[in-house]
Amino acid sequence: MFKISVVGIGYVGLVAGVCFAEVGHQVTCVDIDEQRINMLKQGMSPIYEAGLDDLMQKNYAAGRLKFTTDYNKAYKEADAIFIGVGTPEQPDGSANLSYIATVARQIAETIEKDCLVVVKSTVPVGTNDKVEQFIHDFLTNDVRVEVASNPEFLAQGTAVRDTLEAARIIIGTDSKWAKEMLMKIYEPFNLPIVSVSRRSAEMIKYAANDFLALKISYMNDIANLCELVGADIQDVARGMSFDERIGSKFLNAGIGYGGSCFPKDTKALDYLARQNGYELRTVKAAITVNDDQKTILYRKAANRLITFDGLKVAVLGLTFKPETDDLREAPSLENVPLLLEQGARVYAYDPVGSDNFRLKYPESEYKINYVDKPEEALSGANVCFIFTEWEQIKAIKAETFQKLMRTPLVYDGRNIYPIQEMQDAGVEYYSIGRQAVENKDLKLSNIHNTSHRLHSA
Ligand code: UGA
């Protein structure tokens, strides 16, 4: 068993730290954020992630997991230091490596025994070489220190399972010493290990994420064409999925991919290519399709309604996907501001994301209300947008839209409902890549009369 320090206790760092402790290593989690560390010491995870709190409390109680802001001590004692700090996107699409650089310097100036530094954060190809050089430049004591790449493949919402039951562990090393040590650290996980060079490991992470982003954008592109030619994207996806070369995952067309990874990693790889004098046309196309996809339903609705001014708009789902409270690059963040600008009165429902959304759009400054139940958003609404496929939203019956809304006009960015069901319930229903169900009884004039009534109220 090894003494492991993990620095940067966000998604990547915390889950890695907890899982290393779970398989028996002695783990110290380091972060500069005191509030975060205090919260962790009290057994509370700062992120919403199924199963994480329990596992964290169990390993903390067993003495295998510690939390501290004292990096000096944590680095001095460690056999290996895993770096999981953020690499946020800069305006030009490149990754900001300043947090990695700060940590690397602190490590160099602190360590007193041989140590393996492992970069888990997603970093552009070649960064591990630079980090190693940087550490050697600032090294205070005469010790052996090498850098290895160990990219992370967990998805939010399933992070613990993705780590303990990972499809593979990628280790990128450029020496036998580093390779053997990382292999030993991962031995207790009993999972397939792919050992490659550092640069290949760095590239695997981007290539895998961007491939998935491309797969989604491809399905969204085909979905938009399906609508125009009278096909149904869900049937098309099902038909494609039986081919093992294509697979059944990540074939869901929708309102575009979001989150902290795909948008950032597609732009970073595009940037890396440009830096190297190459145009990465496929990834560029994925980015363009996704940018357009995020507002596709807003544009359709704007065309259908002429104006949102004074309308009650129900927004169901704010987070970029279910089972997370993360809003980063969520379609809601593109659409809600547009609706507010157009004078809509937004009633938003999300089981966990409202608090984070409220920080950006407080009720005191915007015509927005955060409600605890989807029914409150739907009641008397003129139009409804669905942006996240939470179970609580999927559970809404088709008739509920008909019963509660003033005009049952629904734009579904997650293809939740069977077309027939909405048709039978008398809902005017638009989704992605499927045929629209128009409702002849739902006259535009009804909606505009409502708008006038609201104005005069
Ligand atoms: C993604 C990858 O799935 C992880 O393997 C990777 O480790 C992680 O990024 C990362 O780099 O840290 P995550 O961003 O948590 O994980 O979420 P995903 O479940 O991959 O979903 C990303 C976006 O794609 C969501 O907005 C989701 O709604 C969308 N999506 C996903 C679709 O639109 N259609 C699909 O079929 C699947």
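Values in this text are rule-based calculations from the coordinates and carry no lab data. From a predicted model like this one, the values you see are computed outputs, not experimental measurements. Every residue, glycine among them, receives a Cβ derived from its backbone with ideal geometry; neighbour counts consider all protein chains shown.
Under a 5 Å amide H cut-off, with hydrogens placed 1.01 Å from N, residue 193 pairs with 169 among residues at least 5 apart or on other chains. Remark: the residue 375-residue 360 segment gains 3.0 nm on full extension, using 0.36 nm per residue and subtracting the alpha carbon distance. Helix by helix through the chain, keep the DSSP H runs that span 24 Å or more along the axis on Cα and average at least -1.0 on Kyte-Doolittle, and give those back in order. Those that pass (Cα extent of 24 Å or more, hydropathy at least -1.0) are 198-229. For segment 3-196, the share of DSSP beta bridges that are antiparallel, to the nearest 5, is 5%. Any chance you could run the full-extension gain for residue 190 through residue 174? It's 0.36 nm times the residue separation minus the Cα-Cα distance, nm to one decimal. Length gained, residue 190 through residue 174: 3.5 nm. Could you give the nm distance between label points at residue 235 and residue 130, where each point is 7 Å from its Cα heading toward the beta carbon? My value for the distance between the label points is 5.1 nm.
Within the set of other residues whose C-beta is less than 15 Å from the C-beta of residue 186, count the net charge using Lys and Arg as +1 and Asp and Glu as -1.
On the way: positive: 120, 168, 179, 184; negative: 22, 79, 152, 162, 165, 180, 187.
Within the 15 Å Cβ shell, the charges total -3.
Charge tally for residue 156 (other residues, Cβ to Cβ under 9 Å; Lys, Arg +1; Asp, Glu -1): -2. For the chain, the Cβ-based charge dipole about the Cα centre amounts to some 300 debye (Lys, Arg positive; Asp, Glu negative; other atoms uncharged). When the alpha carbon gyration tensor of segment 205-293 is reduced to an equivalent ellipsoid, its three semi-axes come out at 25, 14, 11 angstrom, largest first.
Which part of segment 150-170 falls in the paramagnetic zone of residue 58, meaning amide N under 19 Å from the point 7 Å along Cα-to-beta-carbon? Correct set: 157-166. For segment 153-234, the Cα-based Rg and Dmax, in that order, read 18.2, 59 Å.
Using Stokes-Einstein with the Kirkwood hydrodynamic radius over Cα pairs, what translational diffusion coefficient do you get for segment 3-196 at 4 °C and a viscosity of 1.567 mPa s, in µm²/s rounded to a whole number? D = 78 µm²/s. At the listed q of 0.14 Å⁻¹, the Debye profile of the chain, built from one uniform point per Cα, gives log10 I(q)/I(0) equal to -1.27. What separates the Cα centres of segment 23-60 and segment 309-355 is a distance of 30 Å. Local charge for residue 404 was computed over the other residues whose Cβ lies under 13 Å away, with Lys and Arg +1 and Asp and Glu -1, and equals +2.
Pairs over the 32 Å Cα-Cα cut-off, from the set 205/397; 130/264; 294/394: 205/397.
Taking other Cβ atoms within 10 Å as a rough exposure proxy, 56, 1 sort from fewest to most as 1, 56.
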